[in-house]
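The values are calculated or read from the model by the stated rules, or taken from the named source; none is laboratory data. Because the structure is a prediction, the values reported are computed rather than measured. Quick reminder, even Gly has a Cβ in these numbers, built from the backbone with ideal geometry, and neighbours come from all protein chains shown.
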Amino acid sequence: MLDQKSHCDLNYKYHPMKNKLTLAAFAAAFAVSTASAQDGGVDFEKQILPILKQKCFKCHEKEKEDNGKIKKPKGGLRLDNAEAIMKGGKEYPAENVVAGKPDASWMLKTMALPESDEFAMPPEGKGDRVTAEEQALVKKWIESGAAFGAWKGVE
Ligand code: HEC
């Protein structure tokens, strides 16, 4: 360690430019590594699932009985199961979540529409809007590959 330090000091004294460049290269490498850690850092179960639970599950859960009536998931879309999320619904099969492509993913696109739009989710007056922060998280999750970790959801 001592040797290395004196080597550095020498560089600094006699090659100030070289020292600067090394620092710049180090800073660049650091920036790249933190950026990729952040991109891949969205945890579906901790950060995305609560949004879906709170704002989408009511209408996009596994078929269930409600007051003696069978309630089917709206649009044939279940958001309470990992495979079903990737499978999508009736109108946009396989395009509910397209890994790596937020712009092609209807789960995100419908959230981002203004409430008055007929395709907006939740539908107008039928639930809390998904906030900009929440949308940003979903976007990041899709961009970074839409991984579910160990979560499989309701069978
Ligand atoms: C109050 C009920 C309700 C809630 C809450 C709701 N949806 Fe929907 N959703 C619907 C209905 C009804 C449809 C069927 C489309 C239609 O017929 O208008 C639908 C369809 C969809 C579709 C299209 C599926 C397909 O492929 O046909 C997507 C995507 C979607 N919803 C996403 C969401 C997301 C994401 C949330 C939560 C942010 C959400 N929905 C919350 C009622 C709801």
Name every residue in the stretch 54-73 that is surrounded by fewer than 17 Cβ atoms within 10 Å (Cβ to Cβ) and charged (D, E, K, R), in order of residue number.
Lys58, Lys62, Glu63, Lys64, Glu65, Asp66, Lys69, Lys71, Lys72
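Would you pick out the residues in the stretch 77-94 that are more than 8 Å from the ligand (Cβ to nearest atom) and in a loop (DSSP other than H, G, I, E, B)? Give the steps one after another, and end with the answer.
If we filter the stretch 77-94 for residues that are more than 8 Å from the ligand (Cβ to nearest atom), which is where we start, we get 78, 80-87, 94.
The answer is Arg78, Asp80, Ala94.
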Just to verify a result, which residue in the stretch 95-112, among those that are outside any helix (DSSP H, G or I) and surrounded by fewer than 14 Cβ atoms within 10 Å (Cβ to Cβ), is farthest from the ligand (Cβ to nearest atom)?
Gly100
Among Lys140, Lys62, Lys74, Lys69, which is the only one that is basic (Lys, Arg) and within 14 Å of the ligand (Cβ to nearest atom)?
Lys74
How do the pairs read when you match residues in the stretch 93-113 that are in contact (Cβ under 8 Å) with a residue 12 or more places away in the chain and on the phi < 0 side of the Ramachandran plot with residues anywhere that are basic (Lys, Arg) and more than 9 Å from the ligand (Cβ to nearest atom), using Cβ under 9 Å and keeping only pairs 6 or more apart or on different chains?
Asn96/Lys87; Pro102/Lys139; Pro102/Lys140; Ser105/Lys139; Leu108/Lys139; Ala112/Lys139
Which of (1) surrounded by fewer than 18 Cβ atoms within 10 Å (Cβ to Cβ); (2) under 15 Å from Glu45 (Cβ atoms); (3) of a type in the set (Val, Ile, Thr); (4) assigned by TED's automatic domain parsing to the domain that holds Lys58 is the odd one out, the single condition Thr131 does not satisfy?
(2)
